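Read-outs throughout are calculated quantities, based only on the coordinates presented, and are distinct from any laboratory measurement. The shown structure was predicted, so the numbers you read here are calculated from the model rather than taken from an experiment. Don't worry about glycine lacking a Cβ; one is built from the backbone with ideal geometry, like all the others, and counts go over all protein chains shown.
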Amino acid sequence: MSQSHQSTPPMFSQVDVSAGSSDQALVHCQAEQSELLREVLASQDRTNEILEELVGVMASSQKQRAQELHQWRSANPRLSENCREAAESLSRVQLQYLERITDEICDTAEDMEDGEFMLNEFVDRFGPRLAHLNGVIQVLAQLSSAPMPTTSST
């Protein structure tokens, strides 16, 4: 009987809980974590430096572009004013066009939901014109002079 009892594995095993081995492991683990945190901090610092450089480059580029636009407007005041008037006129045209588009969407919404053909037809019919119109308005608005305050419209 004692032989069958000894073949089963013991229910409890020994665990080394001595203070010396766990302190060394803990110190090593803390040192490893500290080194990792230093690396993360150094990486974050480098990322911040790169972002600061990027912001500087973008800001200088935008400042140069704004300066060039100002010089162009100063050299071409009449054309700049005409661009402003044209942008305002095209904006009104764009509003009318958007009204037609929204009416079309309301009238054919169910058909566009049910079939891809109607949606593609709608996008083909209105999309390119709207994209080009937006582009032209944007260019004209950038080249235009700032609107002058109107004291009287007579």
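Data table
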| read-out | value |
| --- | --- |
| Cα-derived Rg over Rh, computed across segment 77-147 with Rh taken as Kirkwood radius | 1.17 |
| Computed label-point distance, nm, for sites Tyr97 and Val55 using a 7 Å Cα→Cβ extension | 3.8 |
| Sorted by Cβ density within 10 Å, fewest first, the residues Leu36, Leu133 | Leu36, Leu133 |
| Rough spin-label spacing in nm, given labels placed 7 Å along Cα→Cβ, for Glu68 and Asn48 | 3.4 |
| Segment Ser34-Ala109, length gained on full extension (0.36 nm per residue, minus Cα span) | 21.0 nm |
| Cα-based shape type of segment 21-75, given that a ≥ b ≥ c are square roots of the gyration tensor eigenvalues and the cut on a/c is 1.5 | prolate |
| R0 of 35 Å, Cβ-Cβ distance Arg125-Leu79: FRET efficiency to nearest 0.05 | 0.55 |
